[in-house]
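Here is the structure we will look at, set down as structure tokens.
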There are 2 protein chains.
Amino acid sequence: MFSGAQVSLYPMTDGFVDVILSALNALDPWRDRLRIETDDISTLIVGPPEVLFPALRDLYATAAASGHHIVLRATLSRGCPGEPDDPICQTSTLANPAQPLAERQSEALAALAATPEKGQIADAQFSLYVMGAGDHMAEIMGCIDFLKQSGTFDRSKNFCTRLTGDAGPVFATVQEAFCRFGPPNGHVTIDLTVSANSPSTR
Amino acid sequence: MFSGAQVSLYPMTDGFVDVILSALNALDPWRDRLRIETDDISTLIVGPPEVLFPALRDLYATAAASGHHIVLRATLSRGCPGEPDDPICQTSTLANPAQPLAERQSEALAALAATPEKGQIADAQFSLYVMGAGDHMAEIMGCIDFLKQSGTFDRSKNFCTRLTGDAGPVFATVQEAFCRFGPPNGHVTIDLTVSANSPSTR
């Protein structure tokens, strides 16, 4: 299995380089379990979901604490048939396909309830894509049912679902969506946007 | 059919609000063929691909002309089974599924050759997702073959393909990928990032 993300941080300030470089320190506790490569458009972060999502959460929360309007954007993927297996991605967090949707939803809610807060608000929207054979809309609708019970659900929008709340549970909600819906050997992706300190009225 | 995008513009400057508001004027020539709704995270733009992509291109090129480091991000979708049909989205640009991949690739290249330049460089990366039954990887590999011949192909990255060139052909390349690969009645999405004036070395 190969899992990871292309991640970008957009600080809406003249001092954007400093905000980005300072926020990258938040990845330090996670670096030994991740492979990280940067270019001028995005940073590739390869690793298992249980490390990847907390690392993204900490990157976001540190940038948000600058007080500037910042946006974190990530293209997340697991199980892409075009990517080679990588031992660093080994994980036991993916759903058992034999397990009914209702059980997976309960486990996702239990994981969320155990998630600590980070003290930074996260306004997020994301799309979950489940590729390949099988009933991809059943998995997506099952995921949306979970989201509506998550405590972070804000509303459905065209093409995506909007979450809001503390960064801890918001990133954990996206992690549960990524891991527990869609087949464990399937190709699942998420298109994620998380915004802090926007001057626009919600 | 329902097609459109959730679009955001990120100017990395203290004057980000002014850059965004000025760039939105670039949508004026397209507005009567689009439905546009804005909130604090993104702007929903609903309409057919042949209007949507040139509108995004003009929005990008106008923001890039400010000289600031700016990024345009879009979550594009067509044929999502969860969205209602909308007459504003009527289009004849989607591929005929009976047509072999090689023919679709030739037509995409011919469309690109007829695309005028905009005078702004676009560094882009995007992921194409084809959902539902059928061989989604065959369509994606067919699309990648086309991209490699497009003249805008820069390189493959994990989870996405990177393009570079003038904004005219770059946005046209993404439009061809969106319209000619994947079944016309299928659910196809694109996760797109386009960057201008980055201070990072490529």
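Structural remarks
- Residue with peak Gaussian network fluctuation, chain B [Cα springs, cutoff 10 Å], from B:158, B:25, B:185: B:158
- Degrees separating the helix B:49-64 axis from the principal Cα axis of chain B, which is the longest one: 30
- Taking the Cα centre of the protein assembly as shown as origin and assigning +1 to Lys and Arg Cβ atoms and -1 to Asp and Glu Cβ atoms, the resulting dipole is close to 60 debye.
- Per-residue average of Cβ from other chains inside 10 Å of A:157-167: 4
- Pairwise Cα distances in the stretch A:3-196 exceed 24 Å in 35 percent of cases.
- Alpha-carbon gyration tensor eigenvalues x 5, square-rooted, for the protein assembly as shown, Å: 30, 26, 20
- Magnitude of the charge dipole, the stretch A:77-202, Cβ model with Lys/Arg +1 and Asp/Glu -1, debye to 20: 380
- Prolate/oblate/rounded label for the stretch A:103-159 (Cα gyration tensor, a/c 1.5): oblate
- Mean partner shielding of peptide B:36-46, defined as the number of other chain Cβ atoms within 10 Å of each residue Cβ, is 5.
- Straight-distance crosslink candidates among aspartates and glutamates, where the alpha carbon sits under 15 Å from residue A:148 and sequence neighbours closer than 8 are dropped: A:107, A:139, A:176
All of the numbers you see were taken from the coordinates with simple rules; none came from a lab. Not measured: the values here are computed from a predicted model. Here Cβ is always computed from backbone atoms with ideal geometry, including for glycine, and neighbour counts include all displayed protein chains.
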